[in-house]
Ligand code: ADP
Ligand code: MG
Ligand code: MG
């Protein structure tokens, strides 16, 4: 589903290299977790894959379901099936949450050559999915993320993901700022979406999220590279011993 080869990327302004030859393969149907120290390049990886401005890819390749995504515009990547739940969800004044979701869903369907979702169906689906995430109707009417608590913003990201039905879901520290109950809601939302033709890249600082979203594979990202890959036990090892030994070992 996702194949990244020798990816190198720098900050456009400073020219500082952040991703330094990163290799990663995520198969369809799998959940891969990425853990790593602060500043190791986890968010940068998610931004470079989704096409955020300000980064320059200097080497390497990234394919989503066989398509080279690095040359695409962000909206083309989304249409190709990529979704990113932000570490820091953005507030969008003046744009109603419901309008935002409906516009995104229909743009997605159009790009896939499908008919628009009619208003009644959309309303039914969005209400159903919002209810599962304990997002109340009033939050759907407010502008996107405006005045939402940290936890509400993160749940709203998962609502967007559930509505867009992506092929590859990237969650960047979606658990940060969530209390245990909210984290379980988010995990349930993600688990409900697990399917043989969808893959997840779950970026997290804390092992605890991985008790709820049990990954197939765990990668350690340090200094712009994947330095170790293992099973769920690798996350437990990191939780217990930290990253220092792994980084030393890799060096
Ligand atoms: P992580 O998500 O693993 O904590 P990031 O990808 O956010 O790491 O950051 C990787 C490195 O790149 C850090 O040293 C960070 O300070 C730097 N960095 C990222 N984006 C910017 C930016 N826009 N301007 C300056 N430095 C940046
Ligand atoms: Mg960070
Ligand atoms: Mg980050």
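Values quoted throughout were computed directly from the atomic coordinates according to the rules given, and no laboratory measurement underlies them. Keep in mind the model is a prediction, meaning the values are calculated, not measured.
Before moving on, here are some points about what is shown:
- Between region 176-226 and region 157-173, the alpha-carbon center distance in angstrom: 12 Å
- For region 97-201, the relative contact order works out to 29 percent when only alpha carbon pairs closer than 8 Å and six or more residues apart are counted.
- In the chain, the calculated helix contribution to ellipticity at 222 nm averages -11500 deg cm²/dmol per residue, counting -39,500 (n - 2.57) for every DSSP H run with n ≥ 4.
- Value of Rg to Rh for region 5-163, rounded to two decimals, is 0.99; Kirkwood radius and Rg both from alpha-carbon coordinates.
- Percent antiparallel among DSSP beta bridges (both partners in the chain, rounded to 5): 60 percent
- Full-extension gain in nm, residue 57 to residue 194, via 0.36 nm per residue minus C-alpha separation: 46.3 nm
- With an a/c value of 1.5 or above and a/b not larger than b/c for the gyration tensor axes a ≥ b ≥ c computed over the alpha-carbon atoms, region 146-220 is described as oblate.
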